[in-house]
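Values in this text are rule-based calculations from the coordinates and carry no lab data. If you're wondering where the values come from, they're calculated on a predicted model, not measured in any experiment.
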Amino acid sequence: MVKRKILITSVVVVVLVAGSIVYIFNRNSKKDNKIATSDNTISIDNTNYNPPTEEEKQETEQFKKEQEAKQNANIDSQQATSPTQKSGIANVVITNLQFTSQAATASGFVSNIFEDGGNCTLTLTLGNQKITGTSKGIADVNKTTCPEISIPRSSIPQSGQWTAVLSYASSKISGTSDRKTIEIK
């Protein structure tokens, strides 16, 4: 009987302590979260959830223009001082090269130019045989992406270890990637 009273007393004390902690926590957090409705402003933790004002919109647009100008200046600066760009030489990189039973595919990017519309060309070579496929370059953040180029298996005359090169050419720049090998079965 004594053990039972001690157990019940212990449970009651734990519940009271836990309840006090929860009460104090909720009371303090309510002090931090203020809601003022006199001018239809809702502010929780000093965050304004109202739609942006015209002034805020203009500031944002101005900030975007400044950031865009900085990025374009950085790109121009990088292009002017880049050791990989010598008299319009493109720094082309193959990022994906594979063969499936359907086709040989490749994609990549040009790291030292940012433009749309240049020609990306995948050239497969085996001996004196050459096969090509093309796509159009796409300006992508700070580089030019060469989307996937696919050469159907039916256009590849024989199996073997073909050499693959991705090249890029536009009115401003041209160049080729390092050679890679692709097994055509």
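Counting pairs on different chains as well as pairs 8 or more places apart, how many Lys pairs in segment 91-185 have Cα atoms under 27 Å apart? Number of lysine pairs found: 8. For segment 54-60, 3J(HN,Hα) computed residue by residue from phi via the Karplus equation (6.51, -1.76, 1.60; θ = phi - 60°) reads 4, 4, 5, 5, 5, 4, 5 Hz, glycine and proline entered as x.
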